[in-house]
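What follows is a single structure, written as structure tokens, with notes after it.
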Amino acid sequence: MLSILEDIKRTGSWAVMGILNVTPDSFSDGGRYDRCDAAVEHALSMQAAGARIIDIGGESTRPGAEPVTVQHELKRVVPVIEALRRQSDIAISIDSMKPEVMQAAIDAGADMVNDVNALQAQGAVEVCARAGVPVCLMHKQGTPQTMQDDPQYRDVVEEVAVFLQQAADRCIEGGIAADRIMVDPGFGFGKTLENNLSLLKGTDRLCRLPYPVLVGVSRKSMFGMLLGREVDDRMVASVTAAVIAYQKGARLFRVHDVAETCDALKVCAAVS
Ligand code: 7PJ
């Protein structure tokens, strides 16, 4: 994982992170072995399609989603991380807000931590500092339960940039090396459609921070609002937004449609 970040900083290369949700609503019912098997199979297919990182999450952070306990989250993610680690050397990211889950995931073979809460939970910075893993710090306003109720900003791009810089400062003070930090504006996390579009347009401002920028726009509701399309019909919009973010300096892309995004980014890189 560290070499991916070094390449991005040294050569301006890019990387796609494939999304692997192991939440119950993402998988059909069945035995744990089946679900774990299916999850690993999907991860390997995303690797074959060009993903260099697999982001494994066991708690839905979609608007209105209910929180899950540490035990539940661990039961969902740890077997999948262990099984994927046995079958592949791909970089594994744990998508969690909980330090206990981060630690268990790292012990099971995860290489980085992706936290939509920017390591603000008590003990989260310590876990990541001690393990020496790269971290992705994301901005959100409010909690997943309430964040879409009435988001408010004076200048969304500036406020997100300041938040991310302060989050990074806090991590560095806590012992995380600066070269292990990525930042993410958090599309859809306490943002209106207008806020999301401002952030996409302002990605170049965020890329002036001294950290690689990761964007997650894949299939998000901003495209539902803009286009009136259902979640399974937002691939072209998602890839287009990834291309725009790339042109403005983003280099890490958290996506569902790995092959299509990789094609688009290869074209971008060939002319940049
Ligand atoms: C993001 C995420 C994102 C990062 C989710 C969804 C919601 N992590 N986890 N950035 N989104 N870093 O995929 O629709 O945008 S969950």
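The values are calculated or read from the model by the stated rules, or taken from the named source; none is laboratory data. From a predicted model like this one, the values you see are computed outputs, not experimental measurements. Each accessible area value is taken on the protein alone, full model and side chains, heavy atoms only, with ligands, DNA and RNA left out. Shrake-Rupley method; radii C 1.70, N 1.55, O 1.52, S 1.80 Å.
Worth pointing out:
- Bins of 10 Å, starting at 0 and running to the largest distance - Cα pair percent for the range 74-215: 12, 40, 33, 14, 1
- P(r) of the range 1-108 over all Cα-Cα pairs, binned every 5 Å from zero, in whole percent: 2, 12, 22, 23, 20, 12, 6, 2, 1, 0
- Candidates 168, 259, 110, ranked by Gaussian network fluctuation over the chain, Cα under 10 Å, top entry: 259
- Ordered from largest to smallest accessible area (heavy atoms of protein chains, 1.4 Å probe), the residues 159, 173 come out as 173, 159.
- In this structure the range 2-271 gives 44 Å² per residue of accessible area when probed at 1.4 Å with all protein chains present.
- Measuring against 29 Å, Cα to Cα, the residue pairs 75/191; 98/201; 9/201; 98/220 contain 75/191; 98/201 as the ones spanning a longer distance.
- Residues 61, 240, ordered by accessible area of protein heavy atoms at a 1.4 angstrom probe radius and largest first, appear as 240, 61.
- Taking the accessible area of the range 177-272, probe 1.4 Å, and keeping the other protein chains in place, the carbon and sulfur fraction comes to 54%.
- P(r) tail fraction, the chain - alpha-carbon pairs more than 29 Å apart, %: 25
- Eigen-decomposition of the gyration tensor built on the alpha-carbon atoms of the range 66-125 gives equivalent ellipsoid semi-axes of 19, 13, 9 angstrom, largest listed first.
- For 230, 158, 126, the ranking by accessible surface with the largest value first comes to 230, 126, 158, using a 1.4 Å probe.
- Rolling a 1.4 Å probe over the protein heavy atoms leaves residue 153 with an accessible area of roughly 40 Å².
- The alpha carbon centroids of the range 170-203 and the range 113-159 are separated by 8 Å.
- By DSSP, the beta bridges lying fully in the range 5-154 are antiparallel in about 0 percent of cases.
- Above 26 Å, the calculated P(r) of the range 131-272 contains 24 percent of its Cα-Cα pairs.
- Relative contact order of the chain, defined on C-alpha pairs under 8 angstrom at six or more residues apart (%): 19
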